[in-house]
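Following: one structure in structure tokens, then a few remarks.
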Amino acid sequence: MNRGGFDYWRLKLRALLWLLFGRHEAAVRAFGEMLQRWPDDAYALASRSHVLAQLGRRDAAIADAQRLTARHPARSAADWFNLAFLLEGAGRNDDAEPAFRRALELDPKLDRAWYGLGLVLIRQGRLDEAVAALKRNTELQPMSPYGWYQLARVHVDRHEPEQAREIIRRLKDFEPQVAAQLQRETGLAP
């Protein structure tokens, strides 16, 4: 499998040109040609998965992402995050959780994976674990309101209004609209 050869680069360039011109289906076919020749090529699997997801073909995107992570399990935390993101979007939380956790094994500072894990754990009713994941997300991304918002909601669900109020106070400093939304939704004033 000479991936450095002319045919590989020709197909890769063709796929990139199709993407440049907005011809996503043609790009999918070009990545498919690459995968016929080099079935486990990480670049082609990741790229086709991404384009399929953009086209709304989630199941096919998941299949490519699963194949990518099975064939190249230690290549990239992003590969595992992308798989987890697709699985979570499909409502497959039990499958998404280990994929998020694998992404975090490879890159413990991947804030998006901590956030995604937190969402999955909330949906599974595992609120204590969700708090830990969301706290880690907010440590890594202190100015992003998303983790703070979800963390406040979990504190409310756990009947911890003072922790939720503290988050609302914090959000008022840099995201007053999100703070106001939390106040409306929870009835808690800072």
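Before moving on, here are some points about what is shown:
- Matching entry among Pro142, Pro190 (being touching a residue at least 12 places away in the same chain (Cβ under 8 Å), outside any helix (DSSP H, G or I) and either in contact with a strand residue (DSSP E or B) (Cβ under 7 Å, 6 or more places away or on another chain) or not basic (Lys, Arg) (or both)): Pro190
- Selection status of Leu119, among the hydrophobic types (A, V, I, L, M, F, W, C), within 25 Å of Met143 (Cα to Cα), at pLDDT 95 or above and not assigned by TED's automatic domain parsing to the domain that holds Ala15: yes
- Filtered residues of segment 109-126 (kept if surrounded by fewer than 16 Cβ atoms within 10 Å (Cβ to Cβ) and either assigned to a helix (DSSP H, G or I) or within 14 Å of the chain's Cα centre (by Cα) (or both)): Lys109, Arg123
- Which numbered condition Ala84 misses (of (1) surrounded by 14 or more Cβ atoms within 10 Å (Cβ to Cβ); (2) not assigned by TED's automatic domain parsing to the domain that holds Asp111; (3) not polar (S, T, N, Q)): (2)
- Selection within segment 57-71 - more than 16 Å from the chain's Cα centre (by Cα) and either part of a loop (DSSP other than H, G, I, E, B) or among the polar types (S, T, N, Q) (or both): Arg57
- Considered as a group, the residues in segment 62-96 that are among the small types (Gly, Ala, Ser) and out of contact with any helix residue (DSSP H, G or I) (no Cβ under 6 Å at 6 or more places or on another chain) include one that is farthest from Ser47 (Cα to Cα), and that residue is Gly91.
- Close contacts from segment 55-83, counting a first residue that is free of Cβ contacts under 8 Å to residues at least 12 places away in the same chain and a second that is in a helix (DSSP H, G or I), with Cβ to Cβ under 7 Å and a gap of 6+ residues or different chains, come to Ala60/Leu52.
- Within segment 1-43, being surrounded by 13 or more Cβ atoms within 10 Å (Cβ to Cβ), part of a loop (DSSP other than H, G, I, E, B) and of a type outside the set (Lys, Arg) holds for Trp38, Asp40, Asp41.
The values are calculated or read from the model by the stated rules, or taken from the named source; none is laboratory data. Computed from a predicted model, the values in this text were never measured in an experiment. Heads up, the Cβs are rebuilt from the backbone with ideal geometry, glycines too, and the neighbour counts pull from every protein chain shown.
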